[in-house]
Amino acid sequence: MIDQTALPPEIVLREGAVADACALAELDTRCFAIPWSEQAFAADLNDSGKTCYYVLEEEGKLIGYGGWWRVVDEAEIMNIAVDPHYRRRGLAMVLLAALVRQAQKEGLTAMTLEVREGNHPAIALYGRFGFEKAGLRREYYADNKENAIIMLKKLN
Ligand SMILES: CC(C)(COP(=O)(O)OP(=O)(O)OC[C@H]1O[C@@H](n2cnc3c(N)ncnc32)[C@H](O)[C@@H]1OP(=O)(O)O)[C@@H](O)C(=O)NCCC(=O)NCCS
């Protein structure tokens, strides 16, 4: 069940669908140095048995999303992003809460993710949500050889 209570009435949280692929790719260009393409989102959303996506909309405009992949009995966060004009309003926390709730509902035991070592807003967000550092992948990101921090949150 989707919990709308932490959101102002004009912002709607719902599950992502293949029809969102174009808007997701457009939002990604404003949030990431290496955005995903529409095709990549469509393929992921089509694989609904293995993926879970939530999106946030304001009057039909997509303003945030988050998703995870099931990897054996864990949920691996593929990404989470909020439109730059809507940041620091708690929207990423709402997305993360929905992603965690669904993973728990599906009986998954942990949630993991990789984050750029220099992405302090995201690291602060995950830390606030109870994720802990669990490892480091050196020079993981091809564009600037930045290290990736692996973070983990146990779900049971
Ligand atoms: C990271 C991101 C998703 C956060 O979205 P957001 O909606 O602004 O986050 P929230 O408002 O829910 O923030 C929740 C908490 O996270 C931390 N946080 C978020 N942004 C922060 C920032 N710029 N600096 C420091 N802490 C930050 C704070 O603890 C914040 O709580 P507070 O506002 O009460 O202090 C957003 O900055 C973003 O889309 N960044 C680009 C994409 C990205 O890097 N995604 C992560 C990939 S791993």
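The values are calculated or read from the model by the stated rules, or taken from the named source; none is laboratory data. Bear in mind that the values here come from a model prediction, so they are computed numbers and not experimental data. Note: ideal-geometry Cβ built from the backbone for every residue, glycine included; neighbour counts use all protein chains shown. In case anyone asks, the SASA skips ligands and DNA or RNA and just uses the protein heavy atoms, side chains included. Shrake-Rupley method; radii C 1.70, N 1.55, O 1.52, S 1.80 Å.
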Only helices at least 18 Å long along their axis, Cα-based, and averaging 0.0 or more on Kyte-Doolittle count here, so list those DSSP H runs from the chain.
91-105
With no solvent and one equal point scatterer per Cα, compute the Debye intensity ratio I(q)/I(0) for the range 11-154 at 0.09, 0.14, 0.17, 0.19 Å⁻¹ and report its log10, rounded to two decimals.
-0.25, -0.64, -0.98, -1.25
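Kindly report the accessible area of the chain per residue (heavy atoms of protein chains, probe 1.4 Å, no ligands, DNA or RNA), in Å². Provide the component values of the computation, followed by the final result.
Working: 8480 Å² over 156 residues.
That works out to 54 Å² per residue.
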Ranking request for peptides 103-113, 126-136: highest mean number of other beta-carbon atoms within 10 Å first, then the rest in descending order.
103-113, 126-136
Relative to the present Cα-Cα distance, how much length would full extension add between Ala43 and Lys145 at 0.36 nm per residue of separation?
34.0 nm
So what's the back-of-envelope 222 nm ellipticity for the chain, counting only DSSP H runs of four-plus at -39500 (n - 2.57) apiece and dividing by all residues, rounded to 500?
-8500 deg cm²/dmol
Pairs beyond 22 Å (Cα-Cα), from Lys50/Lys153; Lys133/Lys154; Lys61/Lys105; Lys50/Lys145; Lys50/Lys105
Lys61/Lys105; Lys50/Lys145
Each label point is 7 Å from the Cα along the Cα-to-Cβ direction; what then is the distance between the points at His85 and Asn119, in nm?
2.3
Relative contact order of the range 11-154, pairs being alpha-carbon contacts under 8 Å that are 6 or more residues apart, as %
17
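With +1 on the Cβ of every Lys and Arg and -1 on the Cβ of every Asp and Glu, and nothing else charged, how large is the dipole of the chain about its Cα centre, in debye rounded to the nearest 20? Present the calculation step by step, with values, prior to reporting the outcome.
Values: 18 positive and 23 negative charges, 126 e Å.
Dipole size: approximately 600 debye.
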Test of understanding: in a Gaussian network model of the chain with alpha carbons linked when under 10 Å, which of Ile123, Ile77, Ile34 would top the mean-square fluctuation ranking?
Ile34
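Keeping the other protein chains in place, figure out the carbon and sulfur percent of the accessible area of the chain, with a 1.4 Å probe.
Summing carbon and sulfur atoms, their accessible area is 52 percent of the total for the chain.
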Name the residue, out of Val12, Val55, Val72, whose mean-square fluctuation peaks in a Gaussian network model built on the chain with Cα pairs under 10 Å.
Val72
What is the extension gain from Ala110 to Glu15, computed as 0.36 nm multiplied by their sequence separation minus the C-alpha to C-alpha distance, in nm to one decimal?
32.1 nm
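For a Förster distance of 41 Å, can you work out the FRET efficiency between the beta-carbons of Arg101 and Arg138, rounded to the nearest 0.05?
On the way: r = 33 Å, r/R0 = 0.81.
My answer for the efficiency is 0.80.
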In whole Å, how far is the Cα centre of the range 1-77 from that of the range 80-115?
10
